[in-house]
1. Kindly evaluate residue 279 against the criterion of being within 29 Å of residue 76 (Cα to Cα), modelled with pLDDT under 95 and of a type in the set (A, V, I, L, M).
2. Test residue 271 against the stated conditions and say whether it is of a type outside the set (D, E, K, R), part of a loop (DSSP other than H, G, I, E, B) and either surrounded by 13 or more Cβ atoms within 10 Å (Cβ to Cβ) or at pLDDT 95 or above (or both).
3. May I ask you to list the residues in the stretch 236-254 that are open to solvent by 100 Å² or more (accessible area, probe 1.4 Å), out of contact with any strand residue (DSSP E or B) (no Cβ under 9 Å at 6 or more places or on another chain) and either at pLDDT 50 or above or of a type in the set (Asp, Glu) (or both)?
4. Out of contact with any strand residue (DSSP E or B) (no Cβ under 8 Å at 6 or more places or on another chain) and under 21 Å from residue 126 (Cβ atoms): does that describe residue 192?
5. Which one is modelled with the highest pLDDT among residues in the stretch 45-80 that are among the basic types (Lys, Arg) and under 19 Å from residue 282 (Cα atoms)?
6. Within the stretch 166-221, which residues are of a type in the set (S, T, N, Q) and open to solvent by less than 40 Å² (accessible area, probe 1.4 Å)?
7. Go through the residues of the stretch 191-209 one by one and say whether even a single one is over 15 Å from residue 279 (Cα atoms) and hydrophobic (A, V, I, L, M, F, W, C).
8. Could you grab the pairs with beta carbons closer than 7 Å, sequence gap of 6+ or different chains, first residue in the stretch 203-217 and over 21 Å from residue 177 (Cβ atoms), second one charged (D, E, K, R)?
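The values are calculated or read from the model by the stated rules, or taken from the named source; none is laboratory data. Because the structure is predicted, anything quoted here is derived from the model rather than measured. Methodologically, a virtual Cβ is constructed for each residue, glycine included, from the backbone with ideal geometry; neighbour enumeration extends over all protein chains shown. Surface areas here come from the heavy atoms of the whole protein model, side chains and all, with no ligands, DNA or RNA. Shrake-Rupley method; radii C 1.70, N 1.55, O 1.52, S 1.80 Å.
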Amino acid sequence: MTQNNATTTTNIKTRFLICSDTHGLDSLPGFIPSAKQHADVAIHCGDLTTQSQLHEYKASIRLLQAIDAPLKLVADAKSLERELVEQAYGYDGEARRLFEGTGITFLDEGVHSFHLQNGALLTVYASPYTPSLGDWGFQYHPDKGHDFMIDNGSGTNTVDVVMTHGPPKGIMDYTHSGERAGSPDLFRALARARPQMHCFGHIHEGWGAKLVTWRDRTTAMPSHLTDIDNGQSYPIAKLSDMKDRAEQSLSGDSAPMKYFATSHCSGDAHPLNWGSQTLFVNAAIEGTPQGIYNQKENLSMQLPWAVDLELRSSA
């Protein structure tokens, strides 16, 4: 879809507040609930807890309820085997029951559509799965792979936002050891579906955002080495940029929430060309030695993201 066509059908500006990897925190760094800041959609990309304990889930509920957004979406990545859950943390399903009546929506893996209060239609693909050799839930063996059915095989741009816990291989997935930890299966699915935005976390040191321009033709086996037009792609921010741009305001309030903001709507410096570009956002909150603001058990805190995009009308 060209930008000209996109502006005639995706003309409702929509604000997303995005975070991930809060690991039992009960508030976002610098967040001020009384500042009357608003987002249309809040997204949490997983790892609400560290050990899936119920008190951590209760803290996560407080964190999410403090956000002023009519739609709050979560695809958590922490899960244990049923026997361990029952022995240590409560009966299986008890954590999810804590969220009933809170206004927070847990998304199972797959495609979901929402009619937003601002009149826009939002279609989301969610998945908590990450490649790993560990024993936590929602992990798959890297050699076996995972089928991320973002476009359901349709080959059409029907999904606006992809929210997963982990990154695709090649995009904000470098670990401290210098290795790429992202999923090649996820990258291939994204290169074919080309959503407006993909948000994730998991690799804490990969915090940041980048507007990626895809090459005209998708290769038979897409990878970050072959399918990205790096000359037409734009880094938005990386972890080292955080200190200089950390304090911004949604509405000019005297006591702003601290977050990083980026907008890719009509008239912006880099309007998103739907079908040709995807905005990638790593929104891991609990952080790295370079992080800033609050300290929790000697772990530094990183900032959430506020992202403005245009969506199609639901009418």
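1. Answer is no for this residue.
2. Working: of a type outside the set (D, E, K, R): yes; part of a loop (DSSP other than H, G, I, E, B): yes; either surrounded by 13 or more Cβ atoms within 10 Å (Cβ to Cβ) or at pLDDT 95 or above (or both): yes.
For residue 271, the condition - of a type outside the set (D, E, K, R), part of a loop (DSSP other than H, G, I, E, B) and either surrounded by 13 or more Cβ atoms within 10 Å (Cβ to Cβ) or at pLDDT 95 or above (or both) - is met.
3. First, the residues of the stretch 236-254 that are open to solvent by 100 Å² or more (accessible area, probe 1.4 Å): 238, 243-244, 247, 254.
Filter once more, so that each one left must be out of contact with any strand residue (DSSP E or B) (no Cβ under 9 Å at 6 or more places or on another chain): 244, 247, 254.
Answer for the stretch 236-254, where residues must be open to solvent by 100 Å² or more (accessible area, probe 1.4 Å), out of contact with any strand residue (DSSP E or B) (no Cβ under 9 Å at 6 or more places or on another chain) and either at pLDDT 50 or above or of a type in the set (Asp, Glu) (or both): 244, 247.
4. On the way: out of contact with any strand residue (DSSP E or B) (no Cβ under 8 Å at 6 or more places or on another chain): yes; under 21 Å from residue 126 (Cβ atoms): yes.
Yes.
5. We begin by selecting, within the stretch 45-80, every residue among the basic types (Lys, Arg); these are 58, 62, 72, 78.
Next, from what is left, pick out any that are under 19 Å from residue 282 (Cα atoms): 72, 78.
Working: 72: 96, 78: 61.
Ranking the qualifying residues of the stretch 45-80, first place goes to 72.
6. The first filter runs over the stretch 166-221 and keeps only residues of a type in the set (S, T, N, Q), leaving 175, 177, 183, 196, 213, 218-219.
175, 183, 196, 213 - these are the residues of the stretch 166-221 that are of a type in the set (S, T, N, Q) and open to solvent by less than 40 Å² (accessible area, probe 1.4 Å).
7. Within the stretch 191-209, one or more residues are over 15 Å from residue 279 (Cα atoms) and hydrophobic (A, V, I, L, M, F, W, C).
8. Qualifying pairs under 7 Å: 213/229; 214/194; 214/227; 214/229; 215/227; 215/229.
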